[in-house]
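A quick write-up on the structure given underneath.
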Amino acid sequence: MAIKNLSHYKKRFYYGIFPVDYLVLIYSLLMVIVSIAFYQTLDKSLVFLIINLVVIYLTLYLIYYEERDFRSLRYRLHTWLPIITFLFYYTQSTFFDNLIFSETFDPLLQSWEKQLFGIPLNQTLAPSLNNILAHEIMHFFYFSYYMLLFIPGLVMFFNRHPRTHEMIFTLTAMMYAHYIFFILFPGDGPVIDRQNIFPKGVFFIPIMNFIYSIDGYQGGGAFPSTHVTSAIVVSLYSFDGFKARRWLIHIVTAGIIVATVYCSYHYAVDAIVGIITGALFFFIGKYCYSIWDHPSEMPVEP
């Protein structure tokens, strides 16, 4: 009986799991191990441990009990849970970025910036304009990253585009790899410069200040810029998924790349390397997904 039940669960697991679920489970389990092993030294390790365990439980629950009904909340949550985890796991990586090195690599990044451009671009672009409208527009582009993570994918999802799950898989692989790198190579970026460059603002500047104040202006996660890497991945997928509106996504992508430096959230080298890693993970994700068996992703028609 036990063997029969085990066989049943293995079958349910195989026919219910999405390829991206492996990434979520492996990364979440890795963070559980890190949280337990360094419980006494890491900030908020208990909070993140609970979040990691909740993500694992929720993922397993959806694998076993989600029935591939496109109209169901469980199918939609199963599809979008990996993207939702970015909101927590990015912050976790910035809290864990002193796990190996007590100091950040910002001096090294600043030296690279100086070698490439001779000047710190983040301290040059915005002050040279000194225009509140330009500041607000650039902060809008930086904020649009959060919309870019969801809106294009949701349009593809509700249009039943066959590349929807592939794009989510690629974004997740790219994000998790970068989060691990943030822990191994901490960099805060030039966020501290913002208080001397930008006024309180009218709309998007206060919004971004609020978003960054949620975790107490916790530094880290600057190199490479995941704003840029994500925008590059979505922009490349737009050639197939948004042929009629891809020009809009390309404009937003270009705006995000400039805004990361203009708004003093990243050094220019963060954006440059983000362009490179975003393009690399686009091809890595497509290749890994193409060789993966994924029978469970396609919803059953009513």
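Sparsely packed loop sites in segment 1-106 (the trypsin sites (Lys or Arg not before Pro) outside DSSP H, G, I, E and B with at most 16 other Cβ atoms within 10 Å) comprise Lys44, Arg71. Along the axis of the charge dipole computed for segment 2-290 (Cβ charges of +1 for Lys and Arg, -1 for Asp and Glu, origin at the Cα centre), the listed residues Gln115, Leu81, Phe95 are led at the positive end by Leu81. With kT/(6 pi eta Rh) evaluated at 20 °C and eta = 1.002 mPa s, and Rh the Kirkwood radius from Cα pairs, the chain diffuses with a coefficient of 105 µm²/s according to Stokes-Einstein.
Bear in mind these aren't lab numbers, they're just calculated from the coordinates by the rules spelled out. Keep in mind it's a predicted model, so treat the numbers as computed, not measured. Here the Cβ is made from the backbone with ideal geometry for all residues, glycine too, and neighbour counts use every protein chain on show.
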